[in-house]
Amino acid sequence: TRPSLFYKEVDLLQPIPFDKVFDFTKFNARCHGFARLARYSEVSNHTEPYKLQKGSGRRWTVERDLDQLQQSKTGEADGYQVIHVTGKHPFLWPDHWPVKNYAKVFDCLALAPDIEAEVVKVISKIKDAGEKARHEAAISHKKKSIDDGSLNLPVQYIAVHMRIEKDWMIHCKKWEKRSNLKEICSSKGEIIHKVSQITDLRRPVVVYLAVADSLLEDDSVTSGWRVGMIAYEKKKLGVTDIYKRQPYLIKSAIDFEVCARADVFVGNSFSTFSNLVVLSRTERMFKLGVESSCGEDVGLSSYAYNVIGDDGGPQRWMTDMLDTSLQRISYGTNNISCH
């Protein structure tokens, strides 16, 4: 998360047990030899936990943090099975591992069956809408399925993490002024213009908009798109009932997966959500042997709509797997590329 949370619904960010979102058993099976999760019931020594006091806020430096971790590794902490990490603003604590190690965790994660079922329902609705749009386009051009092989191809979709809600725009405008950068905020019109220049997919194509709930009552977010791009959000898609019965973080998890599994993803490079989606997609591309998406239609393409690419469209975007920490991913940057 970010150090400035005034624009977030922080009261809704209640903690949720890991196994309510992800499959505990599958994680340990997939991550064997790299990381392991344990339940408290498995701990044989239930004495008082070892308390690891961390520093607070930005006064807690990377060097102090690493030094403390190294001391704890060889100190009295070895005599405990439970470590209780305490301190203020834990999301500001530094990390000390390369990006590729964090990316590996995505290989270990599998959604809990009930959450996976919800994701499948949403994606199915998106593809149904795409199928409908394709048939309507064929009819309008007086084509028949038997003559047009494209009607038999898999339905594709674009997912756009659209950050245009009022409180975010206030926040990012202040951020631009403070950092003297001009590529953080994007208006609805700018996003539509950038996304319309993406040529990776056949049209007509459904554009799924992952937007804040506050924008669901604003019908204008799905209007104004170019011919051949049909925009949907939760309400227009008819899946609000799926989201309404879930807590805030589960809603975000569903949208994360819908975006991560899209044929093309477009996000904001200053958004942690967008960065993690791209990290997940980049990890999948690396497993397929693809280390660059520059100038190629390699599948699983990602773009940043807030950064202008060399061709004037959105910047192609892959996570730098050689980066030594997650700092840029956690706090945002416009220094991105397709390598």
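The values are calculated or read from the model by the stated rules, or taken from the named source; none is laboratory data. No experiment lies behind these values; they were computed from the predicted model shown. Here the Cβ is made from the backbone with ideal geometry for all residues, glycine too, and neighbour counts use every protein chain on show. Areas reflect the complete protein model, heavy atoms only, side chains present, ligands, DNA and RNA absent. Shrake-Rupley method; radii C 1.70, N 1.55, O 1.52, S 1.80 Å.
For Asp11, the conditions (1) closer than 26 Å to Thr319 by Cα; (2) at pLDDT below 75 all hold with the exception of (1). From the residues in segment 160-177 that are touching a Lys or Arg at 6+ places or on another chain (Cβ under 8 Å) and open to solvent by less than 10 Å² (accessible area, probe 1.4 Å), which one is nearest to Asn275 (Cα to Cα)? Ranking the qualifying residues of segment 160-177, first place goes to Met162. The set of residues from segment 128-148 being open to solvent by less than 50 Å² (accessible area, probe 1.4 Å), farther than 18 Å from Asp200 by Cα and either touching a Leu at 6+ places or on another chain (Cβ under 8 Å) or at pLDDT below 80 (or both) comprises Ala129, Ala138, Asp148. Of all residues assigned to segment 239-262, none qualifies as being open to solvent by less than 30 Å² (accessible area, probe 1.4 Å) and over 17 Å from Ile123 (Cα atoms).
When segment 214-226 is limited to residues that are without any contact (Cβ under 8 Å) to a residue 24 or more places away in the chain and open to solvent by 40 Å² or more (accessible area, probe 1.4 Å), the one that is farthest from Pro204 (Cα to Cα) turns out to be Glu217. Criterion applied to Leu201, Leu209 was being at pLDDT below 90 and either in a loop (DSSP other than H, G, I, E, B) or under 22 Å from the mean Cα position of the chain (by Cα) (or both), and the one residue passing it is Leu201.
This table checks each residue for (1) over 20 Å from Glu131 (Cβ atoms); (2) in contact with an Asp or Glu (Cβ under 7 Å, 6 or more places away or on another chain); (3) not in a helix (DSSP H, G or I).
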position	(1), (2), (3)
Trp225	no, no, yes
Ala231	no, no, yes
Asp241	yes, no, no
Gln246	yes, no, yes
Ile250	yes, no, no
Ala253	yes, no, no
Glu257	yes, no, no
Ala262	no, no, yes
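Between a residue in segment 114-127 that is touching a residue at least 60 places away in the same chain (Cβ under 8 Å) and any residue that is open to solvent by 50 Å² or more (accessible area, probe 1.4 Å) and of a type outside the set (Ser, Thr, Tyr), which pairs come within a Cβ distance under 7 Å, given they are 6 or more apart or on different chains? Short answer, once both residue conditions are applied: Ile123/Arg261.
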